[in-house]
Each structure stands twice: as structure tokens, then as C-alpha cells.
1. Sort out which residues of the range 289-313 are among the acidic types (D, E) and over 20 Å from Q166 (Cα atoms), and write them in order of number.
2. So if I check each of G164, G173, G195, G201, which one is in contact with a His (Cβ under 9 Å, 6 or more places away or on another chain), buried (at least 22 other Cβ atoms within 10 Å of the Cβ) and at pLDDT 95 or above?
3. Please note which helices (runs of 4 or more DSSP H) are completely contained in the range 1-101 and include at least 3 residues that are closer than 30 Å to D124 by Cβ and touching a residue at least 40 places away in the same chain (Cβ under 8 Å).
4. Restricting the search to the range 42-70, which residues are crowded, with 24+ Cβ neighbours inside 10 Å and at pLDDT below 95?
5. Out of the residues in the range 152-161 meeting the condition of being charged (D, E, K, R) and over 8 Å from the mean Cα position of the chain (by Cα), tell me which one is surrounded by the fewest Cβ atoms within 10 Å (Cβ to Cβ).
6. In the list K245, K269, which residue meets the criterion of being modelled with pLDDT of 95 or more, under 26 Å from G185 (Cα atoms), charged (D, E, K, R) and in a helix (DSSP H, G or I)?
7. So which residues in the range 179-223 are in contact with a Ser or Thr (Cβ under 6 Å, 6 or more places away or on another chain) and either free of Cβ contacts under 8 Å to residues at least 24 places away in the same chain or in a helix (DSSP H, G or I) (or both), if there are any at all?
8. Which residues, counting only those in the range 176-200, are hydroxyl-bearing (S, T, Y) and over 10 Å from V158 (Cα atoms)?
Amino acid sequence: MNIESAILSVVFNVDNWAKGPIINTIQKKYPNVKDEKNIPYSDKCPACLLDIHYQEKKPAEKRPCIVNIHGGGLIIGDKSNSTNYCYQIAGESNVIVFNINYGMPGKDLPFIFNKVDPKSTHDDSYIFPLQIRTHMDALKYVEAHAEEYSIDLDNVFVAGDSAGSQMTSMVCGCFCSDEYANALGVEKPSFAPKGYIMNCGLYNMNVYKYIPIGRAMMVKFMGTKAPHKTEMWKYHNAMPFINEKAKNVLVVKGRIDVMTIFQSDWMVKRLKKVNVNTEFYVGKHIPNSFHDFLLLAPTNEAKKCLAYTVDWVNRMSRK
């Protein structure tokens, strides 16, 4: 067992566990939202299940779609941790949200927090880049069921928070660069996303490899004690591979997010350099602008961020 990752898992899971009552409150607030839960979307790993959230009334026209990737330091978590985010978007808009689980490395403490971090999503063989391959399978699932759910494939977005945001940038990199896609061994759908929502993400782990929290994440995620010495280390950071093909990106950060420091700023700088249509939302309220502040939907700062996100999706969908 990796002591650093075990400590990290406890800290992250306590945070996710504490959000449980809030998630239940949000669900009750939107009785107009229909759920379909635990639908298999990939045969690459049994952990690949998704929930679908959408307003019950079928739209007269095809609707935008978001595929959401939950966070958890690349090593823990569950799609239920993002339910606040997905529910509010679905409840406040015509957007259909696919909230996905994915395989993660072996669980250090299998006997705790199983509700918010199921043991079934963990296995020592679930290491990078398996996750990105299954994220592509989620997009292919959306493509295969577009008619059933009235999805506009010209307006599909990929979103993620924290580590999910890092993986969102990796999905973006695959659609921008054949070199990157080939290195990760992905099979892309026949359409490209309209844009990406990167919430409170970590993108360049070079600055973290000597810090226990960052080292623990990458050692587990990449399945080796020295990930920075491997050939795949070059591809842990998708920023150098992102270009104008990314189309539209919304980057979100909290003013007092000590977890990601300047990472969102670096991403915005890269996106603007390669002429991607970029918007940057900064949650400014203190103290409610911490890491992943947008997941705590009842707070005013989260409400403002979610309203901005819905507006951004609607505006990009009309382009």
C-alpha cells in the first residue's frame, strides 16, 4: 500500500462523504429531472457505468449534451460526487448530461468509503491511458444513442472537475493531435466535441512530482514508482498538444484554490496562444471559492458559476 496515496484517499473521500446530504437536497430541488443510472457504456472495464440526467419533457428540437468526468485526484471517487453539478445543469437548461464512472488504480483502503468510492471501480490494471480510452467510449455511446435522447451531435461538450478536468484536457488533446491520440491508443467517435469545460484542473504535473500529494497521484495513475522517467510521462500533460481544433473552452477556477495554484491560468494562456475561443470564470467569493467550489451547488458562488456554465453552453450551441 502506498502511504501517501492512502492518506490522500482518506482526505478526498471525507470531503466527498460530507457532500452527500447536499447532493440529496439538490436532487429534491429538481423534480423535473429524470435519471437513468448505472448504464454500461464500455466493454474495456466493468467500472464504466454512466448516469443520465435530463428534463423529462422531450424537446421539440435536438438538445446539447455534456459528458462529465468526475474528479478525485486520479485515484478515487465516483460519479455521484458530481451529481450536484449535473443535476443543476439539467434542471436549469435543455442540456442532457451523461455523468460517467471510469476505472481507477487499485484502492489502498478497500474497506472504507465504498459509497463514494466503490471498490468495484478499482483494479491495479486500470492505469493511464485506459481512462482516456473509456472516455472516448462514452462519447461513442452518446453518438450511438443520439436519436433516442434527441442529442445534437454538433453540440456535445466534455466537462470535468479537478482530476476530471485534467482528463478533459486529455480528451481535448486527442481531438487536436493525431500524435497524442495515437500515443494514448484511443478510438475516437465520428464527431468532435463542440467544446470543453475545465473546472479547477491540474494539467502540468511536472511541478508536483516532488510534492507528496502530486507524486502519490501520478505513481498510482501511471502504475509505476517513477512515472516521470517513463515514455508516457510526455503525455500526462495535454497542453502542448492542444490547438485551435479545441474550438471552445470554458476554464473555471476558484480564487483561493490552493490545490491547483496557477494551473488554470497556464491553461488559459495556452488556449489563447493557439487561438481557441476561451472564457475564464474565476470564483471570487471568500471563503466559497476553494477547490471544486462549483460542486457545492447551494452556495452563492457555485450557483453563479453553474448559471454562467449553462449560459456558456447555450451560447456556444448557437454558434
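The values are calculated or read from the model by the stated rules, or taken from the named source; none is laboratory data. The shown structure was predicted, so the numbers you read here are calculated from the model rather than taken from an experiment. Quick reminder, even Gly has a Cβ in these numbers, built from the backbone with ideal geometry, and neighbours come from all protein chains shown.
1. Matches in the range 289-313: E301, D311.
2. Selected residue: G164, the only one of G164, G173, G195, G201 that is in contact with a His (Cβ under 9 Å, 6 or more places away or on another chain), buried (at least 22 other Cβ atoms within 10 Å of the Cβ) and at pLDDT 95 or above.
3. Output list reads 3-18.
4. Hits for the range 42-70: nothing passes.
5. First pass over the range 152-161, keeping only residues charged (D, E, K, R): 152, 154, 161.
Now drop any that are not over 8 Å from the mean Cα position of the chain (by Cα), which leaves 152, 154.
Details: D152: 16, D154: 13.
Applying the filter and picking the extreme gives D154.
6. Numbers: K269 fails: under 26 Å from G185 (Cα atoms).
Matching residue, one of K245, K269: K245.
7. A216, K220, listed by residue number.
8. S177, Y180, S190
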